[in-house]
Structures are given as structure tokens and as C-alpha cells.
Amino acid sequence: MTAGNGMTCALCGESIDRAGEETVFADAGRWLAENHWQDSGMLCRLCLENRGRLAMMYLNEAEL
Ligand SMILES: [Zn+2]
């Protein structure tokens, strides 16, 4: 464990890079992390994007 060297993603273990391109999927994933999974800030952008993408597909079928 190395303190002060940034956080790593709880899912894939990659370092969390807050800089970078925002996408609608990352935005959706972040919203889900804050409102549903309560793990906001623990996942990298890629995992947020993957979650957001899957959730949007799933929610489209289930609730829209
Ligand atoms: Zn990740």
C-alpha cells in the first residue's frame, strides 16, 4: 500500500485518473455510483463508463 499515490479502482485495480475525457456513459456511471452503489470515487473512469453503458441499456429496456 502506497499512501498519497492516488487511488486505485475498486473493480479493475487501475489507478483512478480524474483527468480525461468525460462521456455521457461516464456521467451516467458516476450518477449511479453516487445514488445507487454508494461507491463514488472508488472506480476508474473506464469502469464508470462500462457501468453507465450497461445500466443505460438495461434501464432502457426495463423502465422506459
Ligand atoms: Zn476500473
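The values are calculated or read from the model by the stated rules, or taken from the named source; none is laboratory data. From a predicted model like this one, the values you see are computed outputs, not experimental measurements. With ideal geometry, Cβ positions are generated from the backbone for all residues, glycine too; neighbour counts draw on all protein chains shown.
Things to note:
- Residue pairs meeting the criteria (Cβ under 9 Å; at least 6 apart or on separate chains; first modelled with pLDDT under 75, in segment 1-23; second not in a loop (DSSP other than H, G, I, E, B)): ASN5/SER15; ASP17/ARG45; ARG18/ARG45; GLY20/ALA26; GLY20/ARG45; GLU21/ARG45
- The set of residues in segment 38-60 being among the aliphatic types (A, V, I, L, M) and within 12 Å of the ligand (Cβ to nearest atom) consists of MET42, LEU43, LEU46, LEU48.
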